[in-house]
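*Asks:* Structure incoming, see below.
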Amino acid sequence: MRMWENHRVLGIALILALAGCGAEVPAPFPELAPKPEPYHPTSGSGNAFDFYVRAAQGVATLGPAFTAPVTFSAGQRERIIVQLLPDKKLVLQGSAYPCTFEFQPHRPFENPPYRQGWRMLGRAMAWQIQDSIEHGKLDQAITGVILATRFGFDLSTGDAADSTLGLIIVDTARQAIAPYLGRLNSGQLHILNLGLQGALSRFGDPNEMFEHEHLNMTQAVQSLQDHFRDNTLKQLSDQVGVVGQEPFKKLAELYGQDSRKRLEFFQELLGASAEELAWLKEVAPLPAISRSTVPSPEYPKAKRWRGFVKLFFNSARPVLGMRDATVARSRLLCLQIELLSRQKLGQPLPRDMNAFSPQIRMDPFSGKPFMYHRTDGNFSVYSVGENGADDMGATDESFSSPDLRLEAR
């Protein structure tokens, strides 16, 4: 029996228990997800997350005029870097501790309180790395890359949006330093490599992110049920745009129908969220090229709730591909550093990937070691990318296809 069917059966049992043997009484809507509570960071907790929250709170005090813009002039960037120094210091202090993401779920279209601050901190870190490189302050740039990578990977165990933000922070820092590895001496390369591998070791289990995203899914079902109960569906449907109106129309058809059909709707939708979670957990450990062998959940077209699965339950799927690409390039950066360091020290290049730690030599796309070639003292290392085939390092302007490479010319 499918998970959404299990939830339907439980819903019917609840109605029968409430109604007894007499005439049907309107069944009350059960609580499907508890109301989210705000998180309050603790000073001196030894959890990096508390430092990150306090840093985001510091950014928030600067107001929306500071955090809302999408583009920034050079002068604005300089001022932001200076103004965020105390908050960046908190992130630096926190990154010395392990990070447990104290996740608080949220309803659809609600903005979690800390994400905007984290986004601004990530931007400021990237700008400072770029400025440091431009002015020849390479040691400072290295410190910035390591901090941004640790911070970004720590955020990756939130929900899908937190994870996306964290991966972007990691990617931006890597993209800033990768073209300039040749400027670093062997000692600087060694420090950068140690810091990056330490940051990679903090990269969280995707199942934690999936569990958090599932909490958001249950909040979405609860919100939908609340709006249906209060006859305020339009407040929610107005936020999804024209394309997402059809599921709301089908849900509105349940007004005036018996309690069983209404309760079945929300119980089955809740079951579909559990099925999505189970599928994500099944495919995540697989190499990227093998995930298509596991069929994704499918739901009967006749089900009124089917459209809400697409609206509210699909946020985590794209993050899987982002994780693959970010992890692959972060490992490739470590490999590039080690190989470049050997060249600078006049040491012979290794024969194959077995010379490197398993933590950095495995390609998440293939589940096998990265592709590696050496010729006349030069080397090439890359991922097979999404197609799973070795195209001899050929790639496009985004360094993504057909083979995935580190972003450096």
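The values are calculated or read from the model by the stated rules, or taken from the named source; none is laboratory data. Please read all numbers here as calculations on a predicted model, not as lab measurements. Every residue, glycine among them, receives a Cβ derived from its backbone with ideal geometry; neighbour counts consider all protein chains shown. Ligands, DNA and RNA are excluded from the accessible area calculation, which covers all protein heavy atoms including side chains. Shrake-Rupley method; radii C 1.70, N 1.55, O 1.52, S 1.80 Å.
*Asks:* Using only the C-alpha atoms of the chain, find the volume of their convex hull and express it per residue in Å³. Before the final figure, lay out the partial values.
*Replies:* Values: hull volume 67.7 nm³, N = 409.
So the per-residue Cα hull volume is 166 Å³.
*Asks:* What's the center-to-center distance, using Cα atoms, between the range 118-177 and the range 46-107 in Å?
*Replies:* Using only Cα atoms to place each centre, the spacing works out to 12 Å.
*Asks:* Still on this structure, please answer the following. Rg/Rh for the range 145-212 to two decimals, with Rh computed the Kirkwood way over all alpha-carbon pairs.
*Replies:* Working: Rg = 13.2 Å, Rh = 12.4 Å.
Rounded to two decimals, Rg/Rh equals 1.06.
*Asks:* Given charges of +1 on the Cβ of Lys and Arg and -1 on the Cβ of Asp and Glu, with all other atoms neutral, how large is the dipole of the range 262-409 about its Cα centre, in debye to the nearest 20? Each step should come with its number before you reach the end.
*Replies:* On the way: 20 positive and 18 negative charges, 68 e Å.
It works out to roughly 320 debye.
*Asks:* Turning to a different aspect of this structure: Find the accessible area per residue for the range 265-393; the probe is 1.4 Å, ligands and nucleic acids are left out, and the unit is Å².
*Replies:* Details: 5840 Å² over 129 residues.
I get 45 Å² per residue for this part.
*Asks:* With a 1.4 Å probe and every protein chain left in place, work out the accessible area per residue of the range 30-88 in Å², rounded to a whole number. Please list the in-between numbers first.
*Replies:* Numbers: 3320 Å² over 59 residues.
Accessible area per residue: 56 Å².
*Asks:* In addition: Using a 1.4 angstrom probe on heavy atoms only, work out the carbon and sulfur share of the accessible area of the range 190-269 in %.
*Replies:* Numbers: 1790 of 3500 Å².
Accessible surface attributable to carbon and sulfur in the range 190-269 totals 51 percent.
*Asks:* Rounded to the nearest whole Å³, what is the per residue volume of the convex hull around the Cα atoms of the range 229-274? Let's see the in-between values first.
*Replies:* Details: hull volume 3.8 nm³, N = 46.
Here the figure is 84 Å³ per residue.
*Asks:* Please work out, to two decimal places, the log10 of the ratio I(q)/I(0) at q = 0.20, 0.21 Å⁻¹ from a Debye calculation in which every Cα of the range 308-409 carries one identical scatterer.
*Replies:* -0.99, -1.07
*Asks:* Give the cross-link partners of K89 among the lysines, using a straight C-alpha distance below 20 Å as the criterion and excluding same-chain residues fewer than 8 apart.
*Replies:* Straight-line reach from K89, under 20 Å: K137.
*Asks:* Okay, next question. Kirkwood hydrodynamic radius (Cα pairs, Å) of the range 184-270?
*Replies:* Numbers: mean 1/r = 0.0597 Å⁻¹.
Mean inverse Cα-Cα distance, inverted, gives 16.7 Å.
*Asks:* Could I ask something else about it? For the range 45-156, just say rounded, prolate or oblate: build the C-alpha gyration tensor, square-root its eigenvalues into a ≥ b ≥ c, call rounded for a/c under 1.5, and beyond that prolate if a/b exceeds b/c, oblate if not. Display every interim value, and only then the final one.
*Replies:* Working: a/c = 2.09, a/b = 1.23, b/c = 1.69.
Since a/c reaches 1.5 but b/c is at least a/b, the shape of the range 45-156 is classed as oblate.
*Asks:* Can you pull the percent of the range 22-106's accessible area that's carbon plus sulfur, 1.4 Å probe, other chains left in place?
*Replies:* On the way: 2830 of 4840 Å².
Carbon and sulfur together cover 58 percent of it.
*Asks:* Could you state the accessible area per residue of the range 132-214 in Å², with a 1.4 Å probe and every protein chain left in place? Intermediate results must be reported in sequence, preceding the final value.
*Replies:* Working: 2790 Å² over 83 residues.
Heavy-atom SASA per residue in the range 132-214 reads 34 Å².
*Asks:* Please report the spacing between the Cα centers of the range 346-409 and the range 193-209 in Å, no decimals.
*Replies:* That distance is 20 Å.
*Asks:* Given Cβ point charges of +1 (Lys, Arg) and -1 (Asp, Glu) and nothing else, what value in debye, to the nearest 20, does the dipole of the chain about its Cα centre take?
*Replies:* Values: 43 positive and 44 negative charges, 90 e Å.
It works out to roughly 440 debye.
*Asks:* Another question about this same structure. How much of the accessible area of the range 136-188, probe 1.4 Å, is carbon plus sulfur, in whole percent? Numbers along the way, then the final one.
*Replies:* Details: 760 of 1520 Å².
The C+S portion of the solvent-accessible surface of the range 136-188 is 50 percent.
*Asks:* Same structure again: If you put +1 on each Lys and Arg Cβ and -1 on each Asp and Glu Cβ, how big is the dipole of the range 187-285 around its Cα centre, in Debye rounded to 20? Spell out each step's value before the answer.
*Replies:* On the way: 9 positive and 15 negative charges, 38 e Å.
Roughly 180 debye, rounded to the nearest 20.
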